[in-house]
Amino acid sequence: MNMLKTYLYIPSDLHEDIKRTARREKQSRAEVIRRALQYGLQTMHLQQNDSGEILLKIAALGDRYQLKGPRDASASVDRLLWDRDWSKNDN
């Protein structure tokens, strides 16, 4: 595996947490950071994929049961979801 060296700024409390984890697991701080980044990125990718799959399943249900929504749903999403038209300045 080809490793690249990189620098990043992290808060001091995160640095302490990394050090504690490395000591507890008897691993280097670099390995703890690599594993945490890998896990975090995989989780993010799964969440993104899940969101798209969920929307496709909702659309399939609409097709199956021939559900109809408002024709202007995409233009009126804020009003439909939040009961507010954000394009109007009504502070």
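The values are calculated or read from the model by the stated rules, or taken from the named source; none is laboratory data. Not measured: the values here are computed from a predicted model. Every residue, glycine as well, gets a Cβ built from its backbone with ideal geometry; the counts of neighbours run over all protein chains shown.
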Worksheet item: Does Arg35 meet the test of being out of contact with any Phe, Trp or Tyr (no Cβ under 9 Å at 6 or more places or on another chain), surrounded by fewer than 10 Cβ atoms within 10 Å (Cβ to Cβ) and without any contact (Cβ under 8 Å) to a residue 40 or more places away in the chain?
Response: no
Item to complete: Please tell me if Asp50 is free of Cβ contacts under 8 Å to residues at least 60 places away in the same chain, among the acidic types (Asp, Glu) and assigned to a helix (DSSP H, G or I).
Response: yes
Response to the item:
For segment 1-32 the number of residues that are exposed (fewer than 10 other Cβ atoms within 10 Å of the Cβ) and outside any helix (DSSP H, G or I) is 11
Worksheet, complete the sentence: Residue set Gly69, Gly52; condition modelled with pLDDT under 80, of a type in the set (Gly, Ala, Ser) and within 26 Å of the chain's Cα centre (by Cα); output residue Gly52
Worksheet item: Is there any pair linking a residue in segment 57-74 that is of a type in the set (A, V, I, L, M) to one that is surrounded by 10 or more Cβ atoms within 10 Å (Cβ to Cβ), with Cβ under 7 Å and at least six apart or on different chains, and which?
Response: Ala73/Leu80
